[in-house]
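Comments concern the structure below.
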Amino acid sequence: HEKTIFIIIGGVLALVILVLMIWFALSCWKWTNRHPGFQKQRKQETMRFEYRDLAAATDHFSEGRRLGSGFFGVVHRGYLKKLGCDVAIKEIMNKSQVVPGQNNSVFYVELNAITSVKHKNLVKLVGWCRGNSCSFGEFICWCRKNENNRLFLVYELVPKGNLHDHLHKEETIPWEIRYKIVKDITSALLYLHHECDPFILHRDIKPSNILLDNNFNAKLADFGLSRIVDHDSSRVLTIPVGTERYLDPECKKPEGVVEFSRSTDIYSYGIVLLEITCKQGMVREQVWQHYISGSLLQAADYRLNGEFNKSEMEGVIILGLWCSFPDSKKRPSMEQVTAVLEHGKPLPDLDLLDRTSVPTQLETYIDPLAPISAGSSSYEQHA
């Protein structure tokens, strides 16, 4: 009788141990799938912060500390005693407006993108926090839906705010600063598109994502929509999460998806250039009519009172029109844009380009002897 009892007890214990082993194996498998690349991220150079430190730094994420919000995240200003400085703390929204559970993937995309880049005109990532990520309870109770798992990215604080606010203030910024901002964001986008390997698409370039420091140096921010792209796959099909005004109309595809490429970033960049240079509320079609009629400078922001370098103003407006060309095949690369801004390369005659079929190499359209002006006709020899 005792032997039978021992056999039963042994069988039950063996069954319990087997169930626990299976549960532990499932926990490991679920953990790996729920937190892709988590261990890899821990090896990054950026610091990992505890949630309690971020909460204390922002007065528990009070409204008074709130700097703004975007499609995927809310940003608060906070003082971190550990660093002895103010930072911008971005919380990735727990409930994505697009795909359930996407906040995790957005977090890792952003973390991967920013830790892989270092450039003076890109906002620096200081560290990150994944609330409860090492919780034993979360590991074991994988079947329980975790609604309180909070994701944070900690950035350097860029104190002067964003370009959108400055462009719409009553006291406007002078042309010299605007022109410097144009060069800064050009440098940042050139780096992302041509100097990163693999290259990075930003996918949400707009004035509110261009931040200014105390010296009005511009820094491109908000990599919440960033996508690292391998060279053999230069286009990305994804959900339409960019800002409509700056979204390339040509990239919209059936069934609500958007095909992103470097050209779509360039379109957004072009619209931003037009906002920096032209009158408030003026749309591309209006600027284009000024270009066609030879009255391009009449599109310039009247608040500047004509106090600008006419050649620079005209050149930036034409760049904005070229980059936002309706036909993506006729838009320049950021290398070509940089050649114009930094090395004095000439701009094309956009009217002629509009009426001409696309060449094999767009560079063949540019006559190195042609002047940079709306009236120049650098394509005539190819007509």
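None of the figures in this text is laboratory data; all of them are computed from the coordinates on show. Please read these numbers as outputs of a predicted model, since none were measured by experiment. Every residue, glycine as well, gets a Cβ built from its backbone with ideal geometry; the counts of neighbours run over all protein chains shown.
Computed extension length for Ser311-Glu195: 38.9 nm, one decimal, from 0.36 nm per residue of separation with the Cα-Cα distance subtracted. Computed from the C-beta positions of Val74 and Tyr51, the FRET efficiency with R₀ = 22 Å rounds to 0.90. In plain terms, the residue of Val258, Val74, Val340, Val12 with the fewest other Cβ atoms within 10 Å comes first and the most crowded comes last, giving Val12, Val74, Val258, Val340.
Quick one: if you stick a label point 7 Å off each Cα along the C-beta vector at Lys329 and Lys3, how many nm between them? The two pseudo-label positions are separated by 8.8 nm. Between Lys252 and Lys118, the modelled label-to-label distance comes to 4.2 nm, taking each label 7 Å out from Cα in the direction of the beta carbon. Working note: Karplus 6.51/-1.76/1.60 with θ = phi - 60° gives region 58-68 the couplings 10, 6, 6, 6, 6, 5, x, 9, 6, 9, x Hz, where Gly and Pro are set to x. Calculated FRET efficiency, Val283 and His60, Cβ-Cβ r, R0 41 Å, to nearest 0.05? Once rounded, the FRET efficiency stands at 0.45.
If you take the beta carbon distance between Leu352 and His168 as r and set R0 to 45 Å, what does 1/(1 + (r/R0)^6) give as a FRET efficiency, to the nearest 0.05?
Efficiency, from the Cβ-Cβ distance: 0.80.
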